[in-house]
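Undergrad: Structure incoming, see below.
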Amino acid sequence: MSSDLFNTSEHEVFRDTVRKFAEEELAPRAREFDEMGRIDKSLFKRMGDLGLLGLRYDPEWGGSGLDWSFSTVLFEELGRCDNAGVTMGISVQTDMATPSLHQFGSDDLKAQYLAPAIAGEMVAAIAVTEPDAGSDVAGIKTRAVRDGDDWVINGSKIYITNAATADWLCLLAVTDPDAGYGGFTQIVVPTDAPGFRYDLLDKIGNWGSDTGQLFFEDLRVPIANTIGDIGRGFQQQMMQFQDERLVACVSTVAGSKRLWERTKEYCEQRVLFGKPLSKMQVTQFKFVEMLTQLTAARELTYACVRKRVAGEDATQEISMAKIFCGRTSRMVADECIQLHGGYGYMKDCVAGRAFVDSRLVSIGGGADETMIHYLAKMLGF
């Protein structure tokens, strides 16, 4: 990393803290989390105690008041846990469900929901995607109708990470179907409210996090649970997506680099035709090509981080990085599973896990095709 932004003494102390946590408390339990199908909630509390869940948030609410360079270090080191599902569940808490609440929520909402999330005492989830509306966020149909001092919510969401674990949701709902992009509102929905239920979904990868479909039937929450202004939910959600996409790039590149390192170790030990697999030219070429792609993905991601630290708009670069990092992670996972041979096809092999996990990066948080569509518009097409 460049010393001007990432390698201060404060960053190094922080990096050591996160690395120790990932290697000692997450990595040894990677398979256990897969079998559980979710993260042990006690780990959120542990991360809260370590100050890892509110790095960029105001100290008033328990945050650390730091910048994106520290979030970058956090998710680079969490990538060492060798379980993308766990990393994703954590990132939902830090960079998908809470940014809008921190930026736009009332003090009462922050005290009730944000501060406990930063402390790890509550787990949060982001509820946007629906059965008929994924990357097309404007197509959502879940309705919130005002009734006195309450919102009455009906509808469903799908592919929601932390579905079974969450204590509250950052929900995007239609509050005025005739107002176009001005007809959406973000609302905090506690999952213990009557009228809420979920069904878990069976994924092909990212087994270490729980994903489900959510249902809302005449669920009531106070109007005071509105995040920001009524009718500004779509715009707020678009801003929140930038945090989600950037942290996905950081964690994806870090996880892929970790896979590269572990595969290199395997090839140095695996003897084939009388010599280590790593001594074969075809193997060496594969490693060089993978590292070239990973380095390019990392530097593009760092460029996005630098713009965010400087307070500049990085929407275009983040969209490009998400496309490139997702495709790079798939290429690396494919090459690494091939280099592991038959063992790579086993569930307990890190390459096999990465092969199925990496496919999600180009789908979740805005599919590649949606990113390309947005970028074409930005470029004037």
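Nothing in this text is a laboratory measurement; each read-out follows from the coordinates by a stated rule. Bear in mind that the values here come from a model prediction, so they are computed numbers and not experimental data. Positions of Cβ are backbone-derived with ideal geometry, glycine not excepted, and every protein chain shown enters the neighbour counts.
Undergrad: Sorted by average packing, counted as other Cβ atoms within 10 angstrom per residue and highest first, what order do 327-335, 250-258 take?
TA: 250-258, 327-335
Undergrad: Expressed as a whole number of Å, what is the distance separating the alpha-carbon centroids of region 251-286 and region 130-181?
TA: Between the Cα centres of region 130-181 and region 251-286 lies a distance of 45 Å.
Undergrad: Right, here's the next one. Indicate the gyration tensor shape class of region 9-119 (rounded, prolate or oblate), computed on the Cα atoms with a ≥ b ≥ c the square roots of the eigenvalues: a/c under 1.5 is rounded; otherwise a/b larger than b/c is prolate and the rest oblate.
TA: Cα axes put region 9-119 in the oblate bin.
Undergrad: I would also like to ask the following. Report the relative contact order of region 148-227, percent, no decimals, based on alpha-carbon pairs under 8 angstrom and at least 6 residues apart.
TA: 45 percent
Undergrad: Please find, in a Gaussian network model of the chain (springs between Cα atoms separated by less than 10 Å), the residue of L78, L219, L114 whose mean-square fluctuation is greatest.
TA: The residue with the greatest mean-square fluctuation here is L219.
Undergrad: Right, another one. Sorted from fewest to most neighbouring beta carbons within 10 Å, what does the list V137, V305 look like? Walk me through the intermediate numbers first.
TA: Working: V137 20, V305 24.
If I rank by nearby Cβ atoms, fewest first, I get V137, V305.
Undergrad: OK, next. Determine the equivalent ellipsoid of the chain by diagonalising the alpha-carbon gyration tensor, then write out the semi-axes as square roots of 5 times the eigenvalues, largest first, rounded to whole Å.
TA: 36, 21, 21
Undergrad: From the phi angles alone, apply the Karplus equation (6.51, -1.76, 1.60; θ = phi - 60°) to region 214-223 and give each ³J(HN,Hα) in whole Hz, x where the residue is Gly or Pro.
TA: For region 214-223, the Karplus curve yields 10, 10, 10, 10, 6, 7, 10, 9, x, 4 Hz.
Undergrad: Go ahead and run the numbers for FRET between F381 and K275, Cβ-Cβ distance against an R0 of 45 Å, rounding to 0.05.
TA: Step by step, r from the Cβ atoms, then E = 0.30.
Undergrad: Could you list T295, T98 in order of exposure, starting from the residue whose Cβ has the fewest other Cβ atoms within 10 Å?
TA: With the sparsest Cβ surroundings first, the list reads T295, T98.
Undergrad: Among the GluC sites (Glu not before Pro) in region 260-319, which ones are in a DSSP loop with at most 11 other Cβ atoms within 10 Å of the Cβ? Mind listing them?
TA: Within region 260-319, the qualifying GluC sites (Glu not before Pro) (loop, at most 11 other Cβ atoms within 10 Å) are E312.
Undergrad: What are the ³J(HN,Hα) values, in whole Hz, obtained from phi via the Karplus relation 6.51 cos²θ - 1.76 cosθ + 1.60 with θ = phi - 60°, for each residue of region 62-67 in sequence order, with x given for Gly and Pro?
TA: Here the 3J(HN,Hα) series is x, x, 9, x, 9, 10 Hz.
Undergrad: Hand me the GluC sites (Glu not before Pro) from region 30-99 located in a DSSP loop with no more than 11 other Cβ atoms within 10 Å, in residue order please.
TA: Here no loop site has a sparse enough neighbourhood.
Undergrad: Set the Förster radius R0 to 22 Å, insert the Cβ-Cβ distance between R220 and D132 as r into 1/(1 + (r/R0)^6), and round the FRET efficiency to 0.05.
TA: The calculated FRET efficiency here is 0.35.
Undergrad: May I pose another question? Select from V128, G274, G341 the residue farthest towards the positive end of the dipole of the chain; place +1 on Cβ of Lys and Arg, -1 on Cβ of Asp and Glu, and compute about the Cα centre.
TA: With unit charges placed on the Cβ atoms, the residue in question is G274.
Undergrad: Right, next: Counting helices only, and only those DSSP H runs with n ≥ 4, report the 222 nm mean residue ellipticity of the chain as the sum of -39,500 (n - 2.57) divided by its residues, in deg cm²/dmol to the nearest 500.
TA: It comes out at -14500 deg cm²/dmol, rounded to the nearest 500.
Undergrad: Of K286/K347; K286/K377; K20/K157; K141/K257; K20/K257; K45/K141, which ones are farther than 30 Å apart at the Cα?
TA: Pairs exceeding the cut-off: K286/K377; K20/K157; K141/K257; K45/K141.
Undergrad: For a quick check: with amide H placed at 1.01 Å from N, whose amide H comes under 5 Å from L219's, ignoring anything fewer than 5 positions away on the same chain?
TA: I153
Undergrad: Which cross-chain or sequence-distant (5 or more) residues have an amide H under 5 Å from the amide H of I158, H modelled 1.01 Å from N in plane?
TA: T129, E130, L214
Undergrad: Sort the following peptides by mean Cβ neighbour count (other Cβ atoms within 10 Å, averaged over residues), highest first: 355-362, 228-235. Kindly include the intermediate steps, with their values, before the conclusion.
TA: Values: 355-362: 22.2, 228-235: 19.0.
Per-residue Cβ counts within 10 Å, averaged per peptide and sorted highest first, yield 355-362, 228-235.
Undergrad: When you count, for each residue, the other Cβ atoms within 10 Å and take the mean per peptide, how do 175-188, 368-381 rank with the highest first?
TA: 175-188, 368-381
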